[in-house]
Amino acid sequence: MGKESLNQNNGTNGGGWGRIILISAAIPIAVHWAKSVITNFFKREDRKDQFAQQKDYDNFKYELQEKRRRRRLADLLKREQSAQAQENQYENDEPLPSVGQDENPGLDFGNNRLFDKIIHRGEVGMFFGPKGNGKSIVSYWIALNVAEGKHITVWNDVESTPVPPTKVLYYDLELSPMDIHNRYGKYGYTFPENFIRHDKTQIKSSQDIIRDLRANVAQASGGEKLFAVVDNIKKAMEITHAQTVQPFMNSLDAVIDTAKVKGVEVTVLLVNHPTKDFKPGDSLELGDAAGATDLRDFLNFVFAIEPTKISKQHKILKELALRGETEPETVAVVEFENEAPYVHPVVLCEMDEKTALNVTKEVLLAILKGATANPISTDEGEVNRTGLTHDDMLEIYRLYKKEGLSQGKLAEKFGPKCKKGTVSKPTIKKIIARIEKERKEQQGT
């Protein structure tokens, strides 16, 4: 009885352990299966989401492409309509007639001169020179004479012609109130009403100049004339870079073109500095001006001021060739006078630049004694800068007056006698004028 019970208990216990072992083995399998089922479920859901997102993206891409296609079609239609409108607008146009040499409307070189033979109405030009050499004195001198209706002559072969008083817009970024007083107010001079001066308290950038000039053009009536001076453009903008030069000059051109359409004539003088310091004896060329490479295409004229070895009050004014023209043979020597009506230059004489750059005060005084205005003429037996004697000059005058030789023929005939082997027609003209003057003086005495 006891053995059977024991065996029975052992059998029962053995079966229990077996079930435990079986359950223990089944649990990991069940867990793995459950994980697989859950993972597959979420993978299917992710694929559904991805598919939905891809479908949304494809729809978006398609709509975007459709919008672009419709926009291109609309742009193409607009261009076609614009082209058709232009064709309709110009279909009755005829070619413009040629403007002959003598048919340029309103072109009168004499009446359009504002400063000698250099500045003409409706042009844009540059005046430059080293710092402290009187650029502002000369610029004010020109501008005030333009405002008062006076034509300045510097070179003797230019006749003075009357000009009407012109409204001047002077953008002064150089002079202080004390400078203005010492140069003008001290002598009791008052700027004319049509001389409008703006200083650096009003002008902060080149665009301020453009805005003011545009406003003056807008207020001007047809036929009105304006003369604008920017003194100086280097302070109005950084002109060493084309990024600032060209936008300003393009804006300036646009204002001038607008004025032309309205019948308003705008002349502009830009005052500038050279790229380096110059000393007495140095000769300025166009390329020496700051920003010259970018400025030159916009300019109609250029002239400069240079120091001399005579004194700080004596300077040289010279015209520069802009587009391959022949440069004038002579420069003008001027002296600044500190007397009424205001500080201004006085033209003393003309001479070749090399002589002017190196002439001393004593030599200049001797030249001025021998020739009141132009050292091209000399006393009998003295050789002038061309190498022609006074007898040569008398012969030139005789051939011109008695035998009717043209100035061109005389230049060819007497050119070989000159130091340079050539002489220009303007020089021949000056010689004839000098001899005529001498003869009149002799007749008078």
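The values are calculated or read from the model by the stated rules, or taken from the named source; none is laboratory data. Quantities reported herein were computed from a predicted structural model and do not represent experimental measurements. When we count neighbours, we look across all protein chains shown, and the Cβ atoms used for this are built from the backbone with ideal geometry, even at glycine.
Below are the figures for this structure:
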read-out: Qualifying positions in segment 127-150 - touching a strand residue (DSSP E or B) at 6+ places or on another chain (Cβ under 6 Å) and free of Cβ contacts under 8 Å to residues at least 40 places away in the same chain; value: 145
read-out: Members of segment 247-275 that are more than 21 Å from residue 137 (Cα to Cα) and more than 14 Å from the chain's Cα centre (by Cα); value: 257, 258, 259, 260, 261, 262, 263, 264, 265, 266
read-out: Residues that are within 25 Å of residue 298 (Cα to Cα) and small (Gly, Ala, Ser), drawn from segment 126-153; value: 129, 134, 136, 139, 143, 147
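So that you can scan it fast, the table gives a plain yes or no per residue for (1) modelled with pLDDT of 90 or more; (2) within 29 Å of the chain's Cα centre (by Cα):
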residue: 315; (1), (2): yes, yes
residue: 329; (1), (2): no, yes
residue: 349; (1), (2): no, no
residue: 355; (1), (2): no, no
residue: 376; (1), (2): no, no
